[in-house]
Structure formats: structure tokens, C-alpha cells
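Below you'll find the structure, written out as C-alpha cells, and then a few comments.
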């Protein structure tokens, strides 16, 4: 079983070394390349003002976060959720840096890299598409992924979009579910997520055999092809 967590964060600013904090964590779980719906999403009270430029990006305000928990209140649940998984992150040093900074503030010895493998989809995209724009929006356009509902950045929304992008980047298959969604198609055939199977009681298929004239014409072609013709050597 391969368990992957697509992760994104929103923050009060750009530099944790300047005291900026995480204000939203969004995670989407995939097991064997299937979205499970077992996601992790949490808004956080940062105990500091959010930069105006950051608010323009994600739309999250201090007023909205006033009653939200602190990172220390959710850290055990968060670490238990991601432990042992492969984290899929776009521009991983940014998010991992903030997460490690939050852990350091608490006096924790753990770092994200000690608990999880980390895959940076921005690094992947630059290798796959050198010299091109590789922002999340640019990748959505390149892989024909609908992100029209993304008016502002949001950790969970961006993680969901990145999951689709990652699956397209690494094989082009976003879902394979053959065990759900059974229904009836036109003519009574069964349909499983778009795959239609003919009913067991269907009439037998009609077999049309070649007539004598067609067989003779075929034989003449084989003779014209000469002794090297493999078809003429088979029964």
C-alpha cells in the first residue's frame, strides 16, 4: 500500500524567520493513487497580524481566525495523520520550512523530513517542462484541469487541485474505480463508472462466413504472393 498526502499551507507572510505563522493546513490523502476522502483541514490562530499582501492572496483575516485553535492544539492529530506517508507539496521548502518552524517554536525535536518522505512537484514540473511557467495555475492549464473555482488561494482547495495535477504528471490517471457506481446503460447493459458490459442473456453474435467466390479470390492472392507467403503454409 502506498499512502501519499498532498499538502498545502496558508501563512501570515513569507518568512517564518520573521515570525510569520501558519494559519491554514490542508491535506488530501491518496492510497495507491486513489483519493480516499480522509482529508485533514484546519484553520489556526497565529497570535499575530496577517500581512495585507497575504490577505489579498488567500482572503483569510485575523477576525476570522479569532476563535480557531493554535498549532499546538492540533499538532498531535496532524503528526499522527502524516506520519509515515509521502508528502506531495508544490514548492515544498516553503511549506516544510513553516511546519518545521512551528514544531521548533513548541520545542519539538521532530522535523517533517524525519516523519515523512517529501516530493516537490515544482521540482518535478521544472524537470518535465524546462523554461516554462510551472505555477499551480499554469500546470492546471497545461494538463487541462478545471480550477475555475479557485478565486483565492486556500490550503485544502489547492491540495485538492494539486492532487489532480500530480496524478496527471505521474501517469495521467486521476481515478480508477471498478467497484462502485454500478448502473444500467442503454439497452440494459451494466455500466461501472462508464465501462459497459453486455448482459449475459444477449442474443449470440452473428457470424458471417466467406462465400466460395471470396475464398477463391483470397486463394488467388496467396498464390500471387509466392512460396514465401506464411499464410499459405498454415492450416
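The table below lists the values:
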| item | result |
| --- | --- |
| Added length on full extension, which subtracts the Cα-Cα distance from 0.36 nm per residue, residue 49 to residue 66 | 5.0 nm |
| Three-way shape label, region 110-164, alpha-carbon gyration tensor, a/c 1.5 | oblate |
| Alpha-carbon centroid distance for the pair region 27-61 / region 1-16, whole angstrom | 8 |
| Global form of region 23-158, assessed from the alpha-carbon gyration tensor, a/c cut-off 1.5 | oblate |
| Sites residue 73 and residue 141 - FRET efficiency at Förster radius 45 Å, r taken between beta-carbons, to 0.05 | 0.75 |
| Extended-chain gain in nm, criterion 0.36 nm per residue less alpha-carbon gap, residue 123 and residue 149 | 6.8 nm |
| Mean separation of Cα contacts under 8 Å (6+ apart) over length of region 3-169, as relative contact order % | 28 |
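None of the figures in this text is laboratory data; all of them are computed from the coordinates on show. Everything numeric in this text was worked out from a predicted model, so none of it was measured. All Cβ positions, glycine included, derive from the backbone under ideal geometry; neighbour counts span all protein chains shown.
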